[in-house]
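For reference, the structure discussed in these notes is given below.
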Amino acid sequence: EGKNSLLLNATEGGEIGETSNFEGVRVARGLWTLSHDFNGTAEVKAGAALLNNGSITGDAYVDQSATFGGKGDVVNLYVDGRLLVRKDSAPIIRGNLELSQDAAIDYIVSATEGASALSVEGTATLGNAGLNVIGIPGNYAQSTVHTVLNAGKIEGEFGRVSNNLAFMTPMVSYSATQVALTYTRNDVPLETFATSASAQALARSVDTPKAVTANAAVNALLASTTETASQAIDQLDGGQNATLRKRP
């Protein structure tokens, strides 16, 4: 008699096998993957992560500093932590999604494969949460449009939008049932992150206005993050110098 719950607290994490007669699972530590049906509720505690590639027939609760992702489905999802959306790996919410102000969606964008959309059959409450656009290195077009979220109904907006690529800017638009992301080359000159006079000159020579189709050099630099942009320009500068060196 009573309630049976499954506690997962191994720091190394692992795979959750088939289960029965548990009314809930609590992921206390580690990264765990679920690939089967779980007939109960799920809790993900701070510092832990759950990738649901199966089906959770109850609700899921994600605490602050916890992560929830995977391509599986769940009934209602309540997030105070991070919600991971990757290509071909976006959670499916059969009921409602509720994000708190402390929550954030990590939305991963690829230049070649695009991105997946989060699916909510009921109401998606955005709650001034954050949207973190994470660009995977690649040759990005000057402008692309992605669907972040499809829902039966959308309430509220994101309170903050961040982006890791130095020369791209995310712009979010909302409708009654959809959140869209336009990923566009921004006004930051390529020379901004150059660390030498020759690198600045090179950056100016290959930079193009947003309205013009970018050349190969610009496309390569668009994938630079704010941390790697300087190195990318310096490497291109070195490559150009080697190419232009006189032959004996």
Distance in nm between pseudo-label sites at THR169 and ALA46 (7 Å out along the Cβ direction from Cα): 3.6
Difference of contour (0.36 nm per residue) and Cα-Cα distance, LYS87 to ASN128: 12.4 nm
Karplus 3J(HN,Hα) series, Hz, for the stretch 89-101 with 6.51 cos²θ - 1.76 cosθ + 1.60 (x for Gly, Pro): 8, 10, x, 10, 9, 6, x, 10, 10, 10, 9, 8, 5
Rounded Å value of the spacing that divides the Cα centres of the stretch 82-150 and the stretch 1-43: 25
Net length gained if the chain between ALA180 and HIS36 were fully extended (0.36 nm per residue, minus Cα distance): 48.7 nm
Distance cut-off 24 Å, percentage of C-alpha pairs in the stretch 44-168 lying past it: 22
3J(HN,Hα) from dihedral phi, the stretch 16-29, Karplus parametrisation 6.51/-1.76/1.60, rounded to Hz, x for glycine, proline: 8, x, 5, 10, 8, 6, 9, 8, x, 10, 10, 9, 8, 8
Accessible-area value, GLU113, 1.4 Å probe, nucleic acids and ligands omitted, Å²: 110
DSSP bridge pairs, the stretch 50-156: antiparallel proportion in percent, nearest 5: 5
Estimated distance in nm for a label pair at THR112 and GLU23, the labels positioned 7 Å out from Cα along Cα-to-Cβ: 5.0
Of all accessible heavy-atom area on the stretch 40-82, the percent that carbon and sulfur account for (1.4 Å): 43
Whole-Hz ³J(HN,Hα) from phi, Karplus 6.51 cos²θ - 1.76 cosθ + 1.60, for the stretch 128-136, glycine and proline x: 6, 6, x, 10, 9, 8, 10, x, 7
Among 17-25, 71-79, 146-154, the order from most to least packed when residues are scored by Cβ within 10 Å on average: 71-79, 146-154, 17-25
Charge tally in the Cβ shell below 15 Å around GLN178, where Lys, Arg are +1 and Asp, Glu are -1, GLN178 excluded: -2
Sequence-distant residues sharing a close amide H with VAL120 (under 5 Å, placed H): ILE93, ASN150, ALA151, GLY152
Calculated FRET value between ASN4 and GLN101, using beta carbons and R₀ = 45 Å, to 0.05: 0.85
Most to least accessible of ARG26, ARG185 (protein chains only, probe 1.4 Å): ARG26, ARG185
Long-range HN-HN contacts of LEU165 with modeled amide H, under 5 Å: GLY135
Net length gained if the chain between THR11 and ASN53 were fully extended (0.36 nm per residue, minus Cα distance): 13.1 nm
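The values are calculated or read from the model by the stated rules, or taken from the named source; none is laboratory data. Just so it is clear, the structure is predicted and the values come from calculations on it, not from any experiment. Glycine gets a Cβ as well: all are built from the backbone with ideal geometry, and neighbour counts include every protein chain shown. To get the accessible areas, we keep the full protein, side chains included, count just its heavy atoms, and leave off ligands, DNA and RNA. Shrake-Rupley method; radii C 1.70, N 1.55, O 1.52, S 1.80 Å.
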